[in-house]
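Notes follow once the structure below has been shown.
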Amino acid sequence: MNRPDIRWVVPERGNRIVMTALLGFARRFGRRRTSMLLWPISFYFLVMDYRARRGSRVCLQRILGRQIGLRDIFRHIHRFAEVTLDRVYFLLGGVDEPKLHVSGRDVLLDALGRGKGCLLLGAHIGSFDAMRALGAERNIRMRMLMYRRNLGGATAALEALAPDYEAGIIAIGQPDTMLKVAESLARGEVVGILADRAAIAGRSVGVHLFGREIRLPEGPFRLALLTGAPIVMASALRRNDGSYDVKFEAMPSLLATQGRGRRALVQAAAERYAAWMENLCRAHPFAWFNFYDYWNETT
């Protein structure tokens, strides 16, 4: 019997009281001043969180192909802290909300124009909240498929900034999860999925990433086959000035390929997604927020 791959499912660090205090500071003093707090916070996690430190080293070493030092790991943690702080201002809106530079907008609009909704595939690279903000700006109804079992007080405090946030989430692993996804697509909505982590080994597909096999969830690709919904791959990467480059890229329709079985179509789609993700990681190695042993190399 296959067991869940839960190496990445761990209780989040931090607590609601500390996060609430930080959010109060962020509201009062704005994004630029609050960002100064990220240096000591990042240093704290560098020193205290051995698991994250080890996971960062494994991740960066495979992407960059060299020995990784503490400065690299600190940079990785600090970039994650920056994106987390930006999330506050995406949820709050207003003058401190990060600016977006969008390319491939027509790809998303064309996909939605087919009337079957859209599966928006991202990864734990950069910020998905930037795409959520863009959807709100364009009045695009977006639902996010998320694993909620490890939700902690810090995340709950963050999400409370936007009263409608939880209504836009479809929790993974519930009896009606796939029904809710199908209903959202039938209404012409966007369903966003961070597809770089497979929660259950028996429902995953093997592909290669940076020369070693990983497991990706096969659900998004089977959903596309079942519903006919187009797949769009999306990323939002932070610039040094604090704005974000949002890019949408189309994946060829899985239904357009004739003479191939369902398994072969899922495999081909997963390999294309993995290649897209590898290209992103090579261009932005410190923006992929995997602080655990993604390739299972140290166990």
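FYI, it's all coordinate maths here, none of it is from the lab. Computed from a predicted model, the values in this text were never measured in an experiment. Cβ atoms come from the backbone with ideal geometry, glycine included; neighbour counts cover every protein chain shown.
Please state, rounded to one decimal and in Å, the Kirkwood hydrodynamic radius that the chain gives when every pair of distinct Cα atoms enters the mean of 1/r. Before the final figure, lay out each step's value.
On the way: mean 1/r = 0.0501 Å⁻¹.
This gives a value of 20.0 Å.
Among the GluC sites (Glu not before Pro) in segment 206-299, which ones are in a DSSP loop with at most 15 other Cβ atoms within 10 Å of the Cβ? Mind listing them? Present the calculation step by step, with values, prior to reporting the outcome.
Details: sites: Glu213, Glu218, Glu249, Glu271, Glu278, Glu297; in loops: Glu218, Glu297.
Qualifying residues, ordered by number: Glu297.
DSSP beta bridges in the chain, what fraction antiparallel, as a percent rounded to 5?
45 percent
Fewest first, what order do Leu119, Leu37 take by the number of other Cβ atoms within 10 Å?
Starting with the residue having the fewest Cβ neighbours, the order is Leu37, Leu119.
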